[in-house]
Amino acid sequence: MDNNNTRPQDYFEGDPVENIPGTAVAFSIMAYFGPLWLLGLLIPPYKDLYYVKNHVNNGIMMFIATCATLIVARIIIIGWIIAIMVGIVLTVFTVLAVIAAAKKKHYSLPIVGDKIHIVK
């Protein structure tokens with residue numbers, strides 16, 4: 001970081017792996033576990049990092065999908081079947097996303113990951 005005027009999001013924009021701090025990785029991993037995405041969304045200076053925003057955005061979408069699945073699961077039989085299938089898919093996506101976050105890589109959820117940006 002040669003320039004003192006560089007903002008954190010500019011510094012990590014290209015995401016050189018060596019420049020991503022371990023705390024940012026922890027917040028990115030936690031984003032996939034329930035409402036813990038709030039930590040990455042609210043705690044400065046990590047909330048401004050593009051890397052953390054990417055994983056927090058995915059975590060929010062997965063949290064919404066989980067809540068919707070819990071609502072659908074209240075429907076007898078059909079809802080249970082749908083909830084089980086969606087639950088398996090969400091579990092696979094969570095594992096893939098946590099692995100990507102631990103490797104300091106960006107991850108986009110299939111189909112909606114590149115199209116929906118809740119955190120800007």
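Considering each residue of region 35-45, count those that are touching a residue at least 24 places away in the same chain (Cβ under 8 Å) and either among the aromatic types (F, W, Y) or crowded, with 24+ Cβ neighbours inside 10 Å (or both), and give that number. Break it down stepwise before answering.
First, pick out the residues of region 35-45 that are touching a residue at least 24 places away in the same chain (Cβ under 8 Å): 35, 37, 41, 45.
Right, trim to either among the aromatic types (F, W, Y) or crowded, with 24+ Cβ neighbours inside 10 Å (or both) and you get 37.
Qualifying residue count for the region: 1.
Considering only residues of region 46-72 that are of a type in the set (V, I, T) and more than 17 Å from I84 (Cβ to Cβ), which is surrounded by the most Cβ atoms within 10 Å (Cβ to Cβ)?
Keep residues of region 46-72 that are of a type in the set (V, I, T), which gives 52, 56, 60, 64, 66, 69, 71-72.
When the remaining residues are screened for being more than 17 Å from I84 (Cβ to Cβ), the result is 52, 56, 60, 64.
On the way: V52: 31, V56: 27, I60: 19, I64: 12.
Here the residue is V52.
Does I60 qualify as being under 17 Å from the mean Cα position of the chain (by Cα) and at pLDDT 90 or above? So that I can check it myself, show each step before the final result.
Numbers: under 17 Å from the mean Cα position of the chain (by Cα): yes; at pLDDT 90 or above: yes.
Judged against the criteria, I60 is a match.
Any residue at all in region 74-88 that's in contact with a Leu (Cβ under 6 Å, 6 or more places away or on another chain) and not aliphatic (A, V, I, L, M)? Even if it seems obvious, please write down each step before you answer.
Filtering region 74-88 down to residues in contact with a Leu (Cβ under 6 Å, 6 or more places away or on another chain) leaves none.
Scanning region 74-88, I find no residue that is in contact with a Leu (Cβ under 6 Å, 6 or more places away or on another chain) and not aliphatic (A, V, I, L, M), so the answer is no.
Within region 1-23, identify whether any single residue is at pLDDT below 90, closer than 21 Å to H117 by Cα and among the small types (G, A, S), and answer yes or no.
Taking every residue of region 1-23 in turn, at least one turns out to be at pLDDT below 90, closer than 21 Å to H117 by Cα and among the small types (G, A, S).
For residues that are under 11 Å from the mean Cα position of the chain (by Cα) and in a loop (DSSP other than H, G, I, E, B), scanning just region 98-115, find the one that is modelled with the lowest pLDDT. If you could, list the steps in order and put the result at the bottom.
So the first thing to find is which residues in region 98-115 are under 11 Å from the mean Cα position of the chain (by Cα), and the list is 98, 100-101, 106-109, 113.
From what is left, the residues that are in a loop (DSSP other than H, G, I, E, B) are 106-109, 113.
Numbers: H106: 81, Y107: 85, S108: 86, L109: 86, G113: 72.
Across region 98-115, the extreme among qualifying residues is G113.
Given the conditions (1) assigned to a loop (DSSP other than H, G, I, E, B); (2) of a type in the set (V, I, T); (3) over 18 Å from V25 (Cβ atoms), and given that V119 satisfies all but one, which numbered condition is not satisfied?
(3)
Exactly one of these conditions fails for I84: (1) without any contact (Cβ under 8 Å) to a residue 60 or more places away in the chain; (2) closer than 15 Å to S28 by Cβ; (3) out of contact with any Asp or Glu (no Cβ under 6 Å at 6 or more places or on another chain). Give me its number.
With (1) without any contact (Cβ under 8 Å) to a residue 60 or more places away in the chain; (2) closer than 15 Å to S28 by Cβ; (3) out of contact with any Asp or Glu (no Cβ under 6 Å at 6 or more places or on another chain) applied to I84, the lone miss is (2).
Which one of the conditions (1) assigned to a loop (DSSP other than H, G, I, E, B); (2) touching a helix residue (DSSP H, G or I) at 6+ places or on another chain (Cβ under 7 Å); (3) surrounded by fewer than 19 Cβ atoms within 10 Å (Cβ to Cβ) does Y32 fail to meet, given that it meets all the rest?
Exception for Y32: condition (3).
Testing V95 on (1) surrounded by 11 or more Cβ atoms within 10 Å (Cβ to Cβ); (2) at pLDDT below 95; (3) within 17 Å of the chain's Cα centre (by Cα), one condition comes back false. Which one is that?
(2) is the only condition that V95 fails.
Quick check on region 92-99. Is at least one of its residues in contact with a helix residue (DSSP H, G or I) (Cβ under 9 Å, 6 or more places away or on another chain), under 15 Å from M30 (Cβ atoms) and among the hydroxyl-bearing types (S, T, Y)? Working first, answer last.
Applying the first criterion (in contact with a helix residue (DSSP H, G or I) (Cβ under 9 Å, 6 or more places away or on another chain)) to region 92-99 yields 93-94, 97-98.
Restricting the remaining residues to those that are under 15 Å from M30 (Cβ atoms) gives 94, 97-98.
In the following step, the residues that additionally are among the hydroxyl-bearing types (S, T, Y) were identified as 94.
Yes, region 92-99 contains at least one residue that is in contact with a helix residue (DSSP H, G or I) (Cβ under 9 Å, 6 or more places away or on another chain), under 15 Å from M30 (Cβ atoms) and among the hydroxyl-bearing types (S, T, Y).
Among the candidates I88, I76, I118, which residue alone is modelled with pLDDT of 95 or more and either surrounded by 13 or more Cβ atoms within 10 Å (Cβ to Cβ) or farther than 28 Å from I43 by Cβ (or both)? Walk me through how you get there before you give the answer.
Values: I76 fails: modelled with pLDDT of 95 or more; I118 fails: modelled with pLDDT of 95 or more.
After ruling out the rest, the residue left standing is I88.
The values are calculated or read from the model by the stated rules, or taken from the named source; none is laboratory data. It should be emphasised that the depicted structure is a prediction, and the values quoted were computed from it without experimental measurement. With ideal geometry, Cβ positions are generated from the backbone for all residues, glycine too; neighbour counts draw on all protein chains shown.
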